[in-house]
1. Can you run down the residue pairs with Cβ atoms below 6 Å, 6 or more apart or on separate chains, where the first is in region 101-122 and within 16 Å of Ile88 (Cβ to Cβ) and the partner is surrounded by fewer than 15 Cβ atoms within 10 Å (Cβ to Cβ) and of a type in the set (Val, Ile, Thr)?
2. Any residue that is surrounded by fewer than 21 Cβ atoms within 10 Å (Cβ to Cβ), at pLDDT 95 or above, within 25 Å of Gly61 (Cβ to Cβ) and among the hydrophobic types (A, V, I, L, M, F, W, C) - is there at least one of those in region 208-223?
3. Quick check on region 162-172: of everything there that is part of a loop (DSSP other than H, G, I, E, B) and on the phi < 0 side of the Ramachandran plot, which residue is nearest to the chain's Cα centre (by Cα)?
4. May I ask you to say which residue of Lys25, Lys35, Lys48 is touching a residue at least 60 places away in the same chain (Cβ under 8 Å) and surrounded by fewer than 19 Cβ atoms within 10 Å (Cβ to Cβ)?
5. Looking for whichever is closer than 30 Å to Leu12 by Cβ, β-branched (Val, Ile, Thr) and either surrounded by fewer than 16 Cβ atoms within 10 Å (Cβ to Cβ) or at pLDDT below 95 (or both) here; the options are Thr140, Thr151. Which one fits?
6. Which residue, of Glu74, Glu115, Glu105, Glu86, is in the same structural domain as Ile39 (by TED's automatic domain parsing), surrounded by 14 or more Cβ atoms within 10 Å (Cβ to Cβ) and not hydroxyl-bearing (Ser, Thr, Tyr)?
7. Check Arg99 against each of (1) at negative phi; (2) surrounded by fewer than 20 Cβ atoms within 10 Å (Cβ to Cβ); (3) within 17 Å of the chain's Cα centre (by Cα) and name the one condition it does not meet.
8. Which members of region 173-195 meet the condition of being over 18 Å from Lys25 (Cβ atoms) and not in a strand (DSSP E or B)?
Amino acid sequence: MEKLYEGKAKVLYREGPDTLRVYFKDEATAFNAQKRGVIPGKGVVNNKVSAALFRYLEAHGVKTHFLEEVSDREMRVRRVEILPLEVILRFRAAGSFARRYGLKEGTPLKMPLLEFSLKNDALGDPLICENAVLALGLTTEGELEGVKAATLRVGDLLKAFFAERGLELVDFKLEFGKVGGEILLADEISPDTMRLWDEKGEPLDKDRFRKDLGGVEEAYREVLRRVLG
């Protein structure tokens, strides 16, 4: 298969005219790739967790690019034109948001907060307001409303899904793509792209790597165990 792109966590291959093969890597990065490392087995966990969550969301009416799991580290997806936006939904103050506003990590928010950042590594994925998204022509107003509605729906579904498994969804990042005028949830949904806390408030996500908390492999495997039941 022709390699189309290799990023920090995944490799994309052209499989057919309308499909891609996604290979999940064990490499890990943080702070805009200033910190790098390897988490053995991460690719397997992220592939399997993403596949399970895509299937769950599809079953509840959310349209995604996911087609099927191909192997422990690979999935087949529809080829989409990725919107140059990262969409973040927050339920508690954590990470950069807590630092930005001088809040204690874990402070509950009065309502779910939806933010956008420009998908641009060279610029450090800066925050961008909705008017700037439209003024720059990054997407249309209708598409942006669709992305916002889908993100809030995904938030409701995932928060309930993880609560049933003894985990709290603190925040998460999504990416969307379009094909034939249709907006689809794309990329991945894994411990790399969300914050998950267990019953004791301990993180089971990439924060363990970011903050050198140890037990990173074990945390990822625990998320997989709970997701797959």
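1. Matching pairs, first to second residue: none at all.
2. No, region 208-223 contains no residue that is surrounded by fewer than 21 Cβ atoms within 10 Å (Cβ to Cβ), at pLDDT 95 or above, within 25 Å of Gly61 (Cβ to Cβ) and among the hydrophobic types (A, V, I, L, M, F, W, C).
3. Leu167
4. On the way: Lys25 fails: touching a residue at least 60 places away in the same chain (Cβ under 8 Å); Lys48 fails: surrounded by fewer than 19 Cβ atoms within 10 Å (Cβ to Cβ).
Matching residue, one of Lys25, Lys35, Lys48: Lys35.
5. Details: Thr151 fails: either surrounded by fewer than 16 Cβ atoms within 10 Å (Cβ to Cβ) or at pLDDT below 95 (or both).
Selected residue: Thr140, the only one of Thr140, Thr151 that is closer than 30 Å to Leu12 by Cβ, β-branched (Val, Ile, Thr) and either surrounded by fewer than 16 Cβ atoms within 10 Å (Cβ to Cβ) or at pLDDT below 95 (or both).
6. That would be Glu74, the only listed residue that is in the same structural domain as Ile39 (by TED's automatic domain parsing), surrounded by 14 or more Cβ atoms within 10 Å (Cβ to Cβ) and not hydroxyl-bearing (Ser, Thr, Tyr).
7. Condition not satisfied by Arg99: (3).
8. Of everything in region 173-195, those that are over 18 Å from Lys25 (Cβ atoms) and not in a strand (DSSP E or B) turn out to be Gly180, Gly181.
The values are calculated or read from the model by the stated rules, or taken from the named source; none is laboratory data. Given the structure is predicted, the values throughout are model-derived calculations rather than measurements. Positions of Cβ are backbone-derived with ideal geometry, glycine not excepted, and every protein chain shown enters the neighbour counts.
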